[in-house]
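Enquirer: Once you've had a glance at the structure underneath, I'll fire off some questions.
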Amino acid sequence: MKNKIKKVIGIDLGGRSVRAGIVDSKGQIRRKVIKEIKPSFSGEEIVNKIVKAIQELVEDDIEAIGIGCAGMLKEGQVLRSSNLPGLTGFPLKQTIEKEFSGKKVVLENDADVAGVAEWKFGAGKKGVRSLVVLTLGTGIGSGLVFEGKLIKPTEFGHIIIDSSDSAPFCGCGRQGCAERFVSTLGIRNLYFSLSNLDLRNALAEVESLKEINPEIIAKKAREGDRICQMVYERVGIYLGRLIIQIKRFCQPDIITLTGGISQA
């Protein structure tokens with residue numbers, strides 16, 4: 001009799017959502033749920049959303065729960081998270097373990113686990129020696145895998161791609177980091193800058209400036225809005241600069257892009 005396919009719950013904890021799914025050992029997603037969150041949420045509010053997502057998915061044969069979270073992590077605790085500041089100092093792994101006793105819980109950096117997944121189930125299956133995964137969203141995460149081994153930490157999003165005096169400051173304290181351009185904030189700021197220069201509102205039907213996001217700008221670009229097209233043309237240039245720097249640094253065989261902005 002063949003062994004049953006092992007199943008786990010995987011959770012992608014982003015700046016705007018909790019994406020959870022049942023995943024089998026072949027990397028196939030059996031079911032998934034999405035819970036919206038906000039960067040202003042407290043640690044308790046975020047955990048409440050995670051727990052609700054797991055409760056909708058948990059089954060008797062689920063063996064483990066894996067959580068990918070942006071930020072600095074240590075021993076199951078979120079030391080710092082710029083995407084979700086409410087989680088800073090929060091014992092995330094231990095809290096979920098207590099809520100779902102008997103289930104193994106693993107907490108890792110989201111870009112690191114994306115790199116491992118890409119190696120095991122994606123581009124790495126083609127027999128490549130090394131690969132880099134860039135997660136493009138609220139910020140830039142990065143995962144580097146060499147001959148099946150995860151190399152960490154990697155912070156390719158903080159490579160300088162603009163050394164001019166006018167380059168914007170990044171949250172890390174330096175000027176011109178890639179994350180300051182290829183990210184939700186960077187794309188929004190670039191759109192506002194170009195709109196002001198053109199003296200017109202390309203997104204007049206959007207009632208609140210807070211609602212303008214990379215997805216809306218990408219949609220307008222596909223529909224022919226020139227300002228929005230210029231935004232993504234420039235973002236493409238900045239992303240290209242980052243990729244060139246990564247290639248110079250470690251010569252990966254493949255660089256893959258994931259995250260919400262990669263769908264633009």
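Enquirer: Is it fair to say GLY157 is buried (at least 17 other Cβ atoms within 10 Å of the Cβ), closer than 15 Å to GLY259 by Cβ and modelled with pLDDT of 90 or more?
Expert: It is true that GLY157 is buried (at least 17 other Cβ atoms within 10 Å of the Cβ), closer than 15 Å to GLY259 by Cβ and modelled with pLDDT of 90 or more.
Enquirer: Now, a different point. Given (1) aliphatic (A, V, I, L, M); (2) touching a Cys at 6+ places or on another chain (Cβ under 9 Å); (3) at pLDDT 90 or above, where does LEU84 come up short, assuming only one miss?
Expert: Looking at each condition in turn, LEU84 falls short on (3).
Enquirer: Right, here's the next one. Out of the stretch 235-251, which residues are touching a helix residue (DSSP H, G or I) at 6+ places or on another chain (Cβ under 7 Å) and farther than 10 Å from VAL182 by Cβ?
Expert: Correct list: ILE246 only.
Enquirer: Going by the structure shown, is ILE243 in a helix (DSSP H, G or I) and out of contact with any strand residue (DSSP E or B) (no Cβ under 8 Å at 6 or more places or on another chain)?
Expert: Judged against the criteria, ILE243 is not a match.
Enquirer: Now a separate question. Please tell me if LYS126 is within 21 Å of GLN251 (Cβ to Cβ) and under 18 Å from the mean Cα position of the chain (by Cα).
Expert: no
Enquirer: Still on this structure, please answer the following. So, in the stretch 67-81, of the ones that are assigned to a loop (DSSP other than H, G, I, E, B) and without any contact (Cβ under 8 Å) to a residue 60 or more places away in the chain, which residue ends up surrounded by the most Cβ atoms within 10 Å (Cβ to Cβ)?
Expert: Filtering first and then ranking leaves SER81.
Enquirer: Say we look at the stretch 214-264 and pick out the residues that are acidic (Asp, Glu) and within 23 Å of ILE160 (Cα to Cα); which of these is surrounded by the most Cβ atoms within 10 Å (Cβ to Cβ)?
Expert: It comes out as ASP253.
Enquirer: Let me confirm something: among LEU134, LEU150, LEU185, which residue is crowded, with 19+ Cβ neighbours inside 10 Å, within 19 Å of the chain's Cα centre (by Cα) and modelled with pLDDT of 85 or more?
Expert: LEU134
Enquirer: Counting only residues that are assigned to a loop (DSSP other than H, G, I, E, B) and in contact (Cβ under 8 Å) with a residue 24 or more places away in the chain, how many does the stretch 51-63 have?
Expert: Of the residues in the stretch 51-63, 3 are assigned to a loop (DSSP other than H, G, I, E, B) and in contact (Cβ under 8 Å) with a residue 24 or more places away in the chain.
Enquirer: Hey, could you check the stretch 82-94 for residues that are closer than 17 Å to ASP12 by Cβ and without any contact (Cβ under 8 Å) to a residue 60 or more places away in the chain and say which is surrounded by the fewest Cβ atoms within 10 Å (Cβ to Cβ)?
Expert: Out of the qualifying residues, it is LYS93.
Per-residue answers, yes or no, for (1) assigned to a helix (DSSP H, G or I); (2) assigned by TED's automatic domain parsing to the domain that holds GLY157:
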{"position": "LYS49", "(1), (2)": "yes, no"}
{"position": "ILE65", "(1), (2)": "no, no"}
{"position": "ASN83", "(1), (2)": "no, no"}
{"position": "SER101", "(1), (2)": "no, no"}
{"position": "SER142", "(1), (2)": "no, yes"}
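Enquirer: Tell me which residues, restricted to the stretch 42-66, are farther than 20 Å from VAL113 by Cβ and touching a Leu at 6+ places or on another chain (Cβ under 7 Å).
Expert: GLY43
Enquirer: Residues of the stretch 15-41 being touching a strand residue (DSSP E or B) at 6+ places or on another chain (Cβ under 9 Å), outside any strand (DSSP E or B) and touching a residue at least 40 places away in the same chain (Cβ under 8 Å), which ones?
Expert: ARG16, ILE37
Enquirer: So, GLY66, is that one of a type in the set (Gly, Ala, Ser) and modelled with pLDDT under 90 or not?
Expert: no
Enquirer: Sticking with this structure for a sec: I'd like the residue in the stretch 97-123 that is under 20 Å from CYS250 (Cα atoms) and either without any contact (Cβ under 8 Å) to a residue 40 or more places away in the chain or of a type in the set (Asp, Glu) (or both) and, out of all such residues, is surrounded by the fewest Cβ atoms within 10 Å (Cβ to Cβ).
Expert: Only one residue fits best here, namely VAL116.
The values are calculated or read from the model by the stated rules, or taken from the named source; none is laboratory data. Please read these numbers as outputs of a predicted model, since none were measured by experiment. We place every Cβ from the backbone using ideal geometry, glycine too, and count neighbours over all the protein chains shown.
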